[in-house]
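Data block below; observations after.
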Amino acid sequence: MAAPGPDSETDVLCPRCMSIFRGRQILLSKGEPISSWPPPTHHPSVGSFEGAVRSGCVICHRILLGLREAGYGDLRVFDDEPVFSHWTLLRDRDDDFNLDIFVFYPKSDSTDRRWFTLYQSVISSERYDGPTKRILADYGTSTSSKAAWDRAATWYHQCRNQHRPCNANKGRSSFLPTRLLDVSSNEKQIRLVAGGKRVCRDYATLSHRWGGSDIICLRTDNMAKLQVGIDIDELPQTFKDAVEVARKLGVFYLWIDSLCIVQDDLTDWHTESALMGEVYSNGVLNIMATACKDSHQGLYRDRDPRELHHCSFKSSWTGIEEKRLTVLSNNVWKNLIKQAPLNERGWVLQERILAPRTLHFAENQLAWECHTMDACEMYPDRLPRALENLLSRVKLIDADAYRQWLTTWRKYDPANHVGYDVWGRIIRLYGGTQLTKEADRLVAISGLAKRMRSILDDEYLAGLWARHLPYQLVWHTASPGRDGGKGRRVETYRAPSWSWASIEGEVGMPMVERAANPGILIEIEEAKVTPLSSIDDTAEVIDGYIRLKGHLFKAEILGRDADLQRFSLRFLVDGMVVGGVIHSDEPVTAKHTSVVYLPVYKTGKHFLYSLILRPVEGRPQGWYSRIGVMSAWPDATDDEAWTYISKQLEDPTLRDKSLGLEGCIGTIILV
């Protein structure tokens with residue numbers, strides 16, 4: 001009998017994992033909590049699990065990697081657990097399933113047990129459009145292997161020669177960076193040159209984390225020296241590797257921020273930061289040190305080829321037709337790209353999006369992004385549709401291309417202005433990133449704002465857009481939490497309170513499809529911001545305001561209070577409880593907070609979206625700052641309160657005269 005091949009079930013899964021798909025099919029019902037029944041045992045002990053990993057089980061190896069990332073590299077801490085791992089299987093659609101395998105973390109003094117979960121999708125062959133063969137050993141034990149280089153070169157040359165969307169603007173721009181690094185003339189040296197003096201127009205860019213000030217930089221006192229030559233040995237390892245990548249791909253000019261912007265000249269920095277969008281947009285490739293925490297770590301990483309293996313096999317459930325299934329890790333792209341060290345840095349998002357093509361040097365494989373596809377060594381031809389989500393295809397900022405892509409994997413019925421959804425997605429990705437200087441929050445996305453302004457043909461207002469300002473005002477902190485919000489208002493002014501740029505933390509914006517035909521309840525009379533710089537009007541602002549008219553209510557937020565057995569926030573409008581979700585811009589810790597409630601828009605008869613405001617100290621009556629938003633709906637609100645608010649909104653004569661500007665009922669200034 002022939003030995004099993006690389007696609008055989010015995011070579012893919014251990015007996016414990018394979019038993020999930022054999023015999024009687026055991027499914028968790030939708031909505032059924034795990035705690036309501038004893039979930040099936042996966043591996044009864046650490047020893048059983050370790051044996052499965054050694055045997056080459058793909059799923060168990062994924063669990064091991066996840067536990068290591070969570071800080072549990074030493075499995076002996078699980079020795080005292082009665083069962084090492086459990087599993088649940090939930091039908092998603094037709095013959096597709098969600099497979100969750102979870103491991104309880106070791107017991108501690110906390111009574112709240114937590115667990116690690118590996119989330120996976122089980123896809124039938126009819127819907128799966130990716131590779132099934134296992135990655136071979138010759139993929140190499142490093143991301144600098146020949147196989148990795150060959151894959152990178154294939155992506156790059158195919159994109160430049162065959163991808164029409166990626167080359168749509170080729171030759172249209174005459175832009176040249178002020179300075180570049182010539183990496184072609186001397187194997188042991190590179191040199192700083194003026195951008196306009198190059199023979200070839202092609203150049204690559206590098207996205208990296210500085211990780212400190214001990215790297216070579218361009219300064220006013222060493223510019224002449226760097227123009228003569230820079231020894232390769234003077235460069236940090238990431239820069240050396242980037243030079244090698246550019247040379248191997250036949251690109252002989254490179255742009256690196258620390259060497260192409262004069263770091264001790266504030267005027268040069270402001271001038272060049274305003275051009276950052278153009279620099280990355282017009283390069284032929286952005287090299288991203290995705291796995292690096294600083295510039296000394298280098299681009300390449302050692303790896304175990306098993307981390308790239310696929311998991312495809314045939315089910316044999318009793319009484320159910322045999323099916324070929326593939327198990328996908330749902331968070332492949334999130335773990336590989338979104339949560340990588342480099343992408344925690346705020347400046348990097350626009351570098352990644354605006355470059356026509358991006359080559360990621362990630363933790364265990366190379367990855368690729370262009371306007372045509374996302375790919376990685378595990379999925380070299382394209383990321384499977386089942387793994388695409390709002391964290392992937394970030395380069396799609398053209399409205400038509402974004403709409404076409406989104407409708408291939410989810411229901412999407414947007415209004416005409418789908419470009420605003422693109423911006424909302426960008427802000428959600430950007431909000432959770434970090435900046436060395438808090439003041440750079442608008443500066444670091446200024447290049448993207450300029451690109452979107454040309455697409456939307458709209459006025460940019462410190463992170464929002466004038467045409468759809470009412471529902472853009474109702475952005476919210478991404479995770480409300482028990483105290484209303486997890487954001488933090490910055491101490492140093494960098495944007496009006498009505499802009500997401502005024503807080504630290506991840507934010508969300510209403511999608512156009514959810515507000516396609518909103519009943520707008522406010523009237524914007526005027527909206528203005530004052531830019532700090534005359535060079536860059538999408539960067540820092542020194543002030544801003546909105547003058548609007550609406551229906552204002554006196555309201556209260558009642559904080560959590562264990563003495564009163566109240567363990568979540570409550571919201572009262574004119575003394576009546578209004579149910580819904582409060583997203584405060586910062587956590588609400590006071591037991592009682594007096595606020596002003598401003599309904600902004602409603603969708604049909606079901607949802608009401610509103611701003612929560614407070615008066616600005618030292619300003620006249622009617623001046624407010626934003627402290628959060630609230631979404632309310634009838635089922636969560638007392639009938640009396642919902643009827644009261646609805647009637648008030650229908651009759652302008654009922655507006656409270658004491659809450660608006662003197663002599664202007666219902667009109668306020670929002671700063």
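The values are calculated or read from the model by the stated rules, or taken from the named source; none is laboratory data. These numbers were taken from a predicted model, which means no experiment stands behind them. Backbone-built Cβ (ideal geometry, glycine too); neighbour counts: all protein chains shown.
Just a yes or no: is a residue in region 263-275 within 25 Å of Ile353 (Cα to Cα), crowded, with 22+ Cβ neighbours inside 10 Å and β-branched (Val, Ile, Thr)?
The answer is no, given that none of the residues of region 263-275 is within 25 Å of Ile353 (Cα to Cα), crowded, with 22+ Cβ neighbours inside 10 Å and β-branched (Val, Ile, Thr).
For Arg357, state whether it is at pLDDT 95 or above, surrounded by 17 or more Cβ atoms within 10 Å (Cβ to Cβ) and over 16 Å from the mean Cα position of the chain (by Cα). Full working, then the answer.
Numbers: at pLDDT 95 or above: yes; surrounded by 17 or more Cβ atoms within 10 Å (Cβ to Cβ): yes; over 16 Å from the mean Cα position of the chain (by Cα): yes.
It is true that Arg357 is at pLDDT 95 or above, surrounded by 17 or more Cβ atoms within 10 Å (Cβ to Cβ) and over 16 Å from the mean Cα position of the chain (by Cα).
Which ones in region 352-381 are in contact with a helix residue (DSSP H, G or I) (Cβ under 6 Å, 6 or more places away or on another chain), of a type in the set (Ser, Thr, Tyr) and in a loop (DSSP other than H, G, I, E, B)?
Thr372
Anything in region 48-75 that is small (Gly, Ala, Ser) and modelled with pLDDT under 95? List them, or say none. First the steps, then the outcome.
First, the residues of region 48-75 that are small (Gly, Ala, Ser): 48, 51-52, 55-56, 66, 70-71, 73.
Selection gives Ser55, Gly56, Gly66, Ala70, Gly71, Gly73.
Can you tell me which of (1) at pLDDT 90 or above; (2) closer than 13 Å to Met378 by Cα is the one Glu307 doesn't meet?
Condition (1) is where Glu307 drops out.
Looking for something buried (at least 17 other Cβ atoms within 10 Å of the Cβ), within 12 Å of Gly550 (Cβ to Cβ), touching a residue at least 24 places away in the same chain (Cβ under 8 Å) and assigned by TED's automatic domain parsing to the domain that holds Gly559 - is there at least one such residue anywhere in region 631-644?
no
If we keep just the residues of region 579-618 that are in a loop (DSSP other than H, G, I, E, B) and buried (at least 23 other Cβ atoms within 10 Å of the Cβ), which is farthest from the chain's Cα centre (by Cα)?
Kept after step one, since they are in a loop (DSSP other than H, G, I, E, B), are these residues of region 579-618: 579, 585-591, 604-606, 616-618.
In the following step, the residues that additionally are buried (at least 23 other Cβ atoms within 10 Å of the Cβ) were identified as 585, 588.
Details: Asp585: 19, Val588: 26 Å.
So the residue we want is Val588.
Out of region 4-24, which residues are at pLDDT 90 or above and surrounded by 11 or more Cβ atoms within 10 Å (Cβ to Cβ)? Please lay out each step first, then the result.
So in region 4-24, the residues at pLDDT 90 or above come out as 13-24.
Once the filter is applied, which keeps residues that are at pLDDT 90 or above and surrounded by 11 or more Cβ atoms within 10 Å (Cβ to Cβ), region 4-24 yields Leu13, Cys14, Pro15, Arg16, Cys17, Met18, Ser19, Ile20, Phe21, Arg22.
Checking Ala362 against (1) more than 30 Å from Ile455 (Cβ to Cβ); (2) of a type in the set (Gly, Ala, Ser); (3) touching a residue at least 40 places away in the same chain (Cβ under 8 Å), only one condition comes out false. Which one?
(1)
Residues are listed down the side, and each one gets a yes or a no for (1) in contact with a Pro (Cβ under 8 Å, 6 or more places away or on another chain); (2) modelled with pLDDT of 90 or more; (3) in the same structural domain as Ile627 (by TED's automatic domain parsing); (4) surrounded by fewer than 20 Cβ atoms within 10 Å (Cβ to Cβ):
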{"residue": "Ile445", "(1), (2), (3), (4)": "no, yes, yes, no"}
{"residue": "Ile455", "(1), (2), (3), (4)": "no, no, yes, yes"}
{"residue": "Glu459", "(1), (2), (3), (4)": "no, yes, yes, yes"}
{"residue": "Tyr471", "(1), (2), (3), (4)": "yes, no, yes, no"}
{"residue": "Gly481", "(1), (2), (3), (4)": "yes, no, yes, yes"}
{"residue": "Met509", "(1), (2), (3), (4)": "no, no, yes, no"}
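Across region 436-458, what is the total count of residues that are touching a residue at least 12 places away in the same chain (Cβ under 8 Å) and either more than 27 Å from Glu351 (Cβ to Cβ) or touching a helix residue (DSSP H, G or I) at 6+ places or on another chain (Cβ under 9 Å) (or both)? Before the answer, list the steps.
So in region 436-458, the residues touching a residue at least 12 places away in the same chain (Cβ under 8 Å) come out as 438-453, 455-456.
Within this subset, residues satisfying the condition of being either more than 27 Å from Glu351 (Cβ to Cβ) or touching a helix residue (DSSP H, G or I) at 6+ places or on another chain (Cβ under 9 Å) (or both) are 440-452, 455-456.
Count: 15.
Would region 65-74 turn up any residue that is acidic (Asp, Glu), over 16 Å from Glu307 (Cα atoms) and surrounded by fewer than 17 Cβ atoms within 10 Å (Cβ to Cβ)?
Let us first name the residues in region 65-74 that are acidic (Asp, Glu), namely 69, 74.
Subsequent filtering for residues that are over 16 Å from Glu307 (Cα atoms) retains 74.
Those still in the list that are surrounded by fewer than 17 Cβ atoms within 10 Å (Cβ to Cβ) too: 74.
Yes, because at least one residue in region 65-74 is acidic (Asp, Glu), over 16 Å from Glu307 (Cα atoms) and surrounded by fewer than 17 Cβ atoms within 10 Å (Cβ to Cβ).
Only residues that are more than 14 Å from Asn282 (Cα to Cα) and in contact with a strand residue (DSSP E or B) (Cβ under 8 Å, 6 or more places away or on another chain): list them for region 350-370, please.
Taking region 350-370 first, the residues more than 14 Å from Asn282 (Cα to Cα) are 359-369.
Residues satisfying the conditions are Leu359, His360, Phe361, Ala362, Gln365, Leu366, Ala367, Trp368, Glu369.
Looking only at region 234-255, which residues are touching a residue at least 40 places away in the same chain (Cβ under 8 Å) and in a helix (DSSP H, G or I)?
Matches in region 234-255: Gln237, Thr238, Phe239, Lys240, Asp241, Ala242, Val243, Val245, Ala246, Arg247, Lys248.
Those residues that are surrounded by fewer than 17 Cβ atoms within 10 Å (Cβ to Cβ) and either outside the structural domain of Gln472 (by TED's automatic domain parsing) or at pLDDT 80 or above (or both), I need them from region 547-575; list them, please.
Passing the criteria: Lys554, Glu556, Arg570, Asp574, Gly575.
Please go through region 168-225 and pick out each residue that is free of Cβ contacts under 8 Å to residues at least 12 places away in the same chain, among the polar types (S, T, N, Q) and in a loop (DSSP other than H, G, I, E, B).
Ser174, Ser213, Asn222
Does at least one position in region 599-609 carry a residue that is touching a Gly at 6+ places or on another chain (Cβ under 9 Å), under 17 Å from Pro470 (Cβ atoms), among the hydroxyl-bearing types (Ser, Thr, Tyr) and at pLDDT below 90?
Taking region 599-609 first, the residues touching a Gly at 6+ places or on another chain (Cβ under 9 Å) are 599-604, 607-608.
Among the residues that remain, those that are also under 17 Å from Pro470 (Cβ atoms) are: 599-604, 607-608.
From the residues that got through so far, the ones that are among the hydroxyl-bearing types (Ser, Thr, Tyr) too are 601, 603.
Still in the running and at pLDDT below 90: 603.
Yes, region 599-609 contains at least one residue that is touching a Gly at 6+ places or on another chain (Cβ under 9 Å), under 17 Å from Pro470 (Cβ atoms), among the hydroxyl-bearing types (Ser, Thr, Tyr) and at pLDDT below 90.
Taking the condition of being under 19 Å from Thr643 (Cβ atoms) and touching a helix residue (DSSP H, G or I) at 6+ places or on another chain (Cβ under 8 Å), how many residues in region 582-600 meet it?
1
Quick one: how many residues across region 75-96 are out of contact with any strand residue (DSSP E or B) (no Cβ under 9 Å at 6 or more places or on another chain) and surrounded by fewer than 16 Cβ atoms within 10 Å (Cβ to Cβ)?
Here is the first cut: in region 75-96, the ones out of contact with any strand residue (DSSP E or B) (no Cβ under 9 Å at 6 or more places or on another chain) are 75-77, 79-80, 82, 93.
In the following step, the residues that additionally are surrounded by fewer than 16 Cβ atoms within 10 Å (Cβ to Cβ) were identified as 76-77, 79-80, 82, 93.
Final tally of qualifying residues: 6.
List, please: which pairs have Cβ atoms under 9 Å, are six or more places apart or on different chains, and start with a residue in region 466-483 that is basic (Lys, Arg) and end with one that is modelled with pLDDT of 80 or more and surrounded by 16 or more Cβ atoms within 10 Å (Cβ to Cβ)?
Arg467/Tyr420; Arg467/Leu456; Arg467/Asp458; Arg482/Pro587
Would you call Asn330 touching a strand residue (DSSP E or B) at 6+ places or on another chain (Cβ under 6 Å) and at pLDDT below 90? Give the derivation first.
Working: touching a strand residue (DSSP E or B) at 6+ places or on another chain (Cβ under 6 Å): yes; at pLDDT below 90: yes.
Against the criterion (touching a strand residue (DSSP E or B) at 6+ places or on another chain (Cβ under 6 Å) and at pLDDT below 90), Asn330 qualifies.
Can you report the number of residues in region 428-440 which are surrounded by 22 or more Cβ atoms within 10 Å (Cβ to Cβ) and out of contact with any Leu (no Cβ under 6 Å at 6 or more places or on another chain)? Reasoning before the result, please.
Narrowing region 428-440 to residues surrounded by 22 or more Cβ atoms within 10 Å (Cβ to Cβ): 430-431.
Subsequent filtering for residues that are out of contact with any Leu (no Cβ under 6 Å at 6 or more places or on another chain) retains 431.
The qualifying residues number 1.
List the residue pairs whose Cβ atoms are under 6 Å apart, where the first residue sits in region 323-334 and is farther than 20 Å from Ala375 by Cβ, the second is modelled with pLDDT under 90, and the two are 6 or more positions apart or on different chains.
Lys323/Asp95; Arg324/Ser125
If you go through region 619-626 one residue at a time, do you hit one that is at pLDDT 95 or above, on the phi > 0 side of the Ramachandran plot and not in a strand (DSSP E or B)?
yes
Among the hydroxyl-bearing types (Ser, Thr, Tyr), modelled with pLDDT of 95 or more and within 29 Å of the chain's Cα centre (by Cα): does that describe Ser207?
On the way: among the hydroxyl-bearing types (Ser, Thr, Tyr): yes; modelled with pLDDT of 95 or more: yes; within 29 Å of the chain's Cα centre (by Cα): yes.
When the stated conditions are applied, Ser207 passes them.
Among Ser174, Ser184, which is at pLDDT 90 or above, more than 22 Å from Cys311 (Cα to Cα) and polar (S, T, N, Q)? Give the derivation first.
Values: Ser174 fails: at pLDDT 90 or above.
Unique residue meeting the criteria: Ser184.
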